[in-house]
Amino acid sequence: MKLIPFSPEHLQLDATLPFGVRDGSGTLLLQAGACIVNGDQLAYLRSKALFADEHESTEWRRKLGATMGAMLRQNSPLKVIAEARPPEDTRESMSAYDANVPDQWESLAVSLDAALREARVDAEFIARVRQLQERASKLGHRQVDASLYHLIHTAGHSMEKYSSHHALLVMLVCEQAALLLGWSESSVRSLGRAALSMNVAMAALQDQLADSDLPLTQTSRTQIDQHAQHGAALLRDAGIDDDLWCETVRLHHDRGDAQLPLAELSEVRRLARLLRRADIFTAKISRRRSRAPMSPVQAAREACLGADGVPDEVGGALLRATGLYPPGSFVELANGERGIVVSRGRRANLPWVASLVARSGMPLGEPALRDTIETRYAVRAAVASASVKVRPDHQRILALR
């Protein structure tokens, strides 16, 4: 990552940036797409020497240069020019940009699928996983909601390349939750790589099981039971010197520490707990031939709640990372409309929704964006996609937000 200076004057209340803002060491201070919600937070950030990833901020800086050039030609005051930001993207330009997000994730899924199906786990495999994690992480941080929308909708509707799609979704959810927990960049990177390779010892079997309704054989059961230990051994034999990566893979199904508070766990145990819970949550909302995907609300109850019935620290981070009604899932609103969640909102239970079906059951002529903080548009319940008899136009829906 190459960091370049970022002027704090460009930060504004209730305005987002398409890239993360960092300090001089590269530590993330403001996540891509996050709003600055109060003056204290704005003052704190403006008191720091700020930086941005050169690659992630290229397009924004290009547009900023054009905006400032136009203001100079109009003899605008220097103070106004110093605080300039590019104009908000139009619906058309956002549509074109977001339309590319699914293509990028599908390209990553194809590459990861090829890597996981290789007969050998060697230095080349490790290099490919590292490269894929870096690409996927940058895409996920830059376009969180569009990425969640595509991967969660795909998980609920398709079993193609199940193992690689599942690994990418788990990686995205884990990295977003880890950032909310304040974990270090190196820990997040190791966690992301562990998510992509956690099922390296059973990727082909995982794909077969997702597309089968036959009972497990004893051979398959043994492979499943041993895949975490076997996978970690394969990674170590390939020459990985990242203990966090390997040990997180080895421990990602170990529940021996389930009753201990997060603060009492070692770093690798914390990573493994988050990976395990994200793995469970995303598997439950994924389609298999033998069962329909579970409601995200029910999946959250089973994967995000502690022993006392409320979200524990990891569960709370997962809920904030995805929302109680994640992008790409379907809901019914208080006014009787049904639609698809476009993006997360101000709280886990307040998403933005594109209504597709009127209360009468008739399709709406155009998808209508609803802010569920409004009482009339409050989410009444999560619903199965089969109950929404409209095929979403994803490009148009993403453009709404």
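The values are calculated or read from the model by the stated rules, or taken from the named source; none is laboratory data. Everything quoted here is computed from the prediction, not taken from an experiment. For neighbour counting, all protein chains shown are included, and Cβ atoms are generated from backbone atoms with ideal geometry for every residue, glycine included.
Of the residues in the stretch 294-312, at least one is acidic (Asp, Glu), assigned by TED's automatic domain parsing to the domain that holds VAL173 and surrounded by 15 or more Cβ atoms within 10 Å (Cβ to Cβ).
You will find that of TRP60, TRP105, the residue that is modelled with pLDDT of 70 or more, surrounded by 13 or more Cβ atoms within 10 Å (Cβ to Cβ) and in the same structural domain as VAL200 (by TED's automatic domain parsing) is TRP105 and no other.
Note on the stretch 1-25: residues that are of a type in the set (S, T, N, Q) and over 25 Å from the mean Cα position of the chain (by Cα) amount to 1.
Filter the stretch 386-395 for residues that are closer than 15 Å to VAL357 by Cβ and in contact with a Pro (Cβ under 8 Å, 6 or more places away or on another chain) and give the result. Scanning the stretch 386-395 gives LYS389, VAL390, PRO392, ASP393.
Yes/no matrix, rows are residues, columns are (1) within 13 Å of the chain's Cα centre (by Cα); (2) in the same structural domain as PRO351 (by TED's automatic domain parsing); (3) in a helix (DSSP H, G or I); (4) modelled with pLDDT under 95:
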position: ALA99; (1), (2), (3), (4): no, no, yes, yes
position: ALA109; (1), (2), (3), (4): no, no, yes, yes
position: GLU124; (1), (2), (3), (4): no, no, yes, yes
position: ALA127; (1), (2), (3), (4): no, no, yes, yes
position: LEU139; (1), (2), (3), (4): yes, no, yes, yes
position: MET159; (1), (2), (3), (4): no, no, no, yes
position: ALA167; (1), (2), (3), (4): yes, no, yes, no
position: VAL173; (1), (2), (3), (4): yes, no, yes, no
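Filtering the stretch 369-379 to residues that are more than 24 Å from the chain's Cα centre (by Cα) and either exposed (fewer than 15 other Cβ atoms within 10 Å of the Cβ) or at pLDDT below 95 (or both) leaves GLU374, THR375, ARG376. None of LEU191, LEU151, LEU205 is more than 27 Å from GLN226 (Cα to Cα) and part of a helix (DSSP H, G or I) except LEU151. In the condition set (1) over 30 Å from LEU398 (Cβ atoms); (2) surrounded by fewer than 16 Cβ atoms within 10 Å (Cβ to Cβ); (3) in contact with a helix residue (DSSP H, G or I) (Cβ under 8 Å, 6 or more places away or on another chain), SER266 is compliant with all but (3).
Considering the stretch 1-36, and only residues there that are over 22 Å from GLY140 (Cβ atoms) and not in a helix (DSSP H, G or I), the residue that is modelled with the highest pLDDT turns out to be PRO5.
When ASP308 is tested against (1) at pLDDT 90 or above; (2) not polar (S, T, N, Q); (3) not in a strand (DSSP E or B), just one condition goes unmet, and that condition is (1).
Scanning the stretch 218-232 for residues that are touching a residue at least 40 places away in the same chain (Cβ under 8 Å) and part of a helix (DSSP H, G or I) turns up nothing.
Between LEU318, LEU333, LEU364, which is under 17 Å from the mean Cα position of the chain (by Cα) and either closer than 25 Å to GLN31 by Cβ or modelled with pLDDT of 90 or more (or both)?
Selected residue: LEU318, the only one of LEU318, LEU333, LEU364 that is under 17 Å from the mean Cα position of the chain (by Cα) and either closer than 25 Å to GLN31 by Cβ or modelled with pLDDT of 90 or more (or both).
Hey, could you check the stretch 142-153 for residues that are modelled with pLDDT of 90 or more and either surrounded by fewer than 24 Cβ atoms within 10 Å (Cβ to Cβ) or outside the structural domain of CYS174 (by TED's automatic domain parsing) (or both) and say which is farthest from the chain's Cα centre (by Cα)?
My answer is HIS153.
ASP279 meets the stated requirement of being in contact with a His (Cβ under 7 Å, 6 or more places away or on another chain), acidic (Asp, Glu) and either modelled with pLDDT under 95 or assigned to a helix (DSSP H, G or I) (or both).
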